[in-house]
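A.B. asks: Handing you a structure now.
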Ligand SMILES: C[S@@+](CC[C@H](N)C(=O)[O-])C[C@H]1O[C@@H](n2cnc3c(N)ncnc32)[C@H](O)[C@@H]1O
Ligand code: SF4
């Protein structure tokens, strides 16, 4: 038996490392002009991954950490598409749109809060600018099962969408009430069946642990119900509670949140349960069947981490379009404005709506490689890092190795100097954010009580 009570001490504020440096390090000295410069020097041989942010939802789920605009006004949504059109036209002046697109993702918000006609218009715009889609492109959409019609699904499948990700979170009535998201099992079941019948080959389901009133017992039931629908993948997220950033999270009574030891027990059970049911754990919070390309990517060492979680499409530049969206290249991050007004104002002036970003230093690129490899593969090939970056690893990261000592002593991590590798054991994987944190140069400069991140456990 694992003593989860003992590991509760690792429940600290820490990043989820969907980027390194993390988003708080992005700054507004990187602006539209900086982004244009980055694009002027783009490597045209690199492929493109496109992310479109479709930010609208009808009502707030209290746990939601996404960038969302609540509305049901059709004209607001049409107006947003007008601005996406402006952004695409402007982007196409600087980005080589003939580069091959290997990935397209609609995120939100709830993309299917747009009508079938509106979705058709967005897709039409994308196709107008980007004509070089790979035959094997991964084209995916996040969907709230409560907002999906056959007509919308047809628009997606007719336009090559081959992956769908459904938000479920939890099937328990009490939990659903507390998070302000009533979503009966039947609704999710119908949505899954609709997508399967429409020929969508890969269906993901999002669950969250750490929500109000969850216990190991309630989550066991949620998992049983979820697995009865046989999605191809699961994302099981640790609830990121950041009420200082997200007002609606303040509606959650913190006394109803499960204790870190319960969260650890839930995650440990989830790993065992899903493994026993034919899924393999991929990185920190994803699970896939062994024939899934995400799983095959691990074997080939090609699993990557980015803003959308884990992906097989590593060697591509991520281009974000729409409010608040983030782009990423080998040595830059760029993020659009979060406020609709600022986003529209920039585009009205004919300027790319860049809010902030970052050019990575050599040290950032090195640390990013270390952190992302640990987050993706739960191990680190030290020799590979030394060769790629021309460093003596143990000398360069002496402080981080020292900071990992408690994890080594508790047998959560093995630092194998002889074979030049770091290995994280299965219990250690539950604490992978903590284990990556010593390699984060920015975090080390912030006193522990001033770190504004969600809890790692
Ligand atoms: C944009 S939503 C998915 C699509 C759709 N809006 C829905 O909710 O069904 C993205 C996913 O992020 C996850 N998520 C949102 N807020 C979160 C938080 N604070 N902590 C952990 N996961 C969160 C949820 O699992 C959610 O399904
Ligand atoms: S979880 Fe999804 S549906 Fe709920 S508010 Fe967030 S984006 Fe909207």
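Derivation of every value follows stated rules applied to the coordinates shown; laboratory data play no part. Everything numeric here is computed off the predicted structure, so don't read it as measured data.
A.B. asks: For the chain, what relative contact order do you get, as a whole percent, if you take Cα pairs closer than 8 Å and at least 6 residues apart?
C.D. replies: After rounding, I find 21 percent.
A.B. asks: Have a look at segment 362-450 and give its Rg and Dmax from the Cα atoms, expressed in angstrom.
C.D. replies: Reported Rg and Dmax, both Å: 12.4, 38.
A.B. asks: What share of Cα pairs, in percent, lie more than 19 angstrom apart in segment 286-344?
C.D. replies: That fraction is 44 percent.
A.B. asks: Please report the Cα spread of segment 162-256 along all three principal axes, rounded to whole Å, starting with the longest.
C.D. replies: 42, 28, 19
A.B. asks: Out of the DSSP beta bridges found with both residues in the chain, what percent are antiparallel (nearest 5)?
C.D. replies: Rounded to the nearest five, the antiparallel share is 45 percent.
A.B. asks: Could I ask something else about it? Could you work out the helix-only [θ] at 222 nm for the chain, with each DSSP H run of four or more residues adding -39,500 (n - 2.57) and the total divided by the number of residues, to the nearest 500 deg cm²/dmol?
C.D. replies: Numbers: 19 runs with 170 residues, N = 457.
Theoretical 222 nm ellipticity from helices: -10500 deg cm²/dmol.
A.B. asks: With only alpha-carbon pairs counted, each pair once and no self-pairs, how large is the Kirkwood hydrodynamic radius of segment 211-314 in angstroms?
C.D. replies: After inverting the mean inverse Cα-Cα distance, the result is 15.2 Å.
A.B. asks: Let me ask something else. May I have the extent of the alpha carbons of the chain along their three principal axes, as whole Å values ordered from largest to smallest?
C.D. replies: The principal-axis extents, from largest down, are 58, 51, 41 Å.
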